[in-house]
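A short write-up of the structure that comes next.
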Amino acid sequence: MLFVSQRQRFPTATVAHILHRERLDTGQTWLHVQVEIGNTGKVLLELRSARTRLQWADLDSGSLAEGIRRGEDPVADGEHEIPWPVIASREWSFNAGMAEVEPGEKECLDCDFVVPSGVDAVVLYTYVANASKKGRELGWSQTRILNFREEEEEDEQTPSKAAAKA
């Protein structure tokens, strides 16, 4: 099959986040996420489902912080990540044949979140299911850690545009 049609049996893909964030007058942050799904293989990539979730990475308060101060591992036995609280999630589902990505091309899924004021860091996670692996939870993912506190500190140290022009 590979020799005759130059196609492989299963798709390969990449997932990337393209972000835009704005601080709102309310102290909240508007976060626009563009999920870019690239078909890096030689097989048509069928999109059936994807999800993006935003989690509050709060190491400074609550029982998690107390446990860390006592030297406890915040990751439960058999798990791999800290179970951060979910702020919000977005899900996409597509009927068969409705969302396809040709080899060498990309598709983008867009979503918005409003991050509450007082949240210093978030974990942004996206999972795209591999429709060709039916009955199994296989696919592609991307995780980003966003630190809003460092962004604010950088803004405070950078002269304003108005002051720079003066």
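The values are calculated or read from the model by the stated rules, or taken from the named source; none is laboratory data. Treat the numbers as computed from the prediction; the structure is a model and nothing was measured. Accessible surface areas use protein heavy atoms only, side chains included; no ligands, DNA or RNA. Shrake-Rupley method; radii C 1.70, N 1.55, O 1.52, S 1.80 Å.
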Practice task
Take the residues in region 48-97 that are of a type in the set (S, T, N, Q) and over 29 Å from residue 134 (Cα atoms), then tell me which one is modelled with the highest pLDDT.
Solution key: 63
Problem - Count - residues of region 79-122 that are open to solvent by 80 Å² or more (accessible area, probe 1.4 Å), closer than 22 Å to residue 148 by Cα and assigned to a loop (DSSP other than H, G, I, E, B) - result: 2
Practice task
Look at residue 59 and say whether it is open to solvent by 40 Å² or more (accessible area, probe 1.4 Å) and not basic (Lys, Arg).
Solution key: yes
Practice task
Name, by its number, the condition in (1) of a type in the set (S, T, N, Q); (2) closer than 24 Å to residue 17 by Cα; (3) modelled with pLDDT under 90 that does not hold for residue 141.
Solution key: (3)
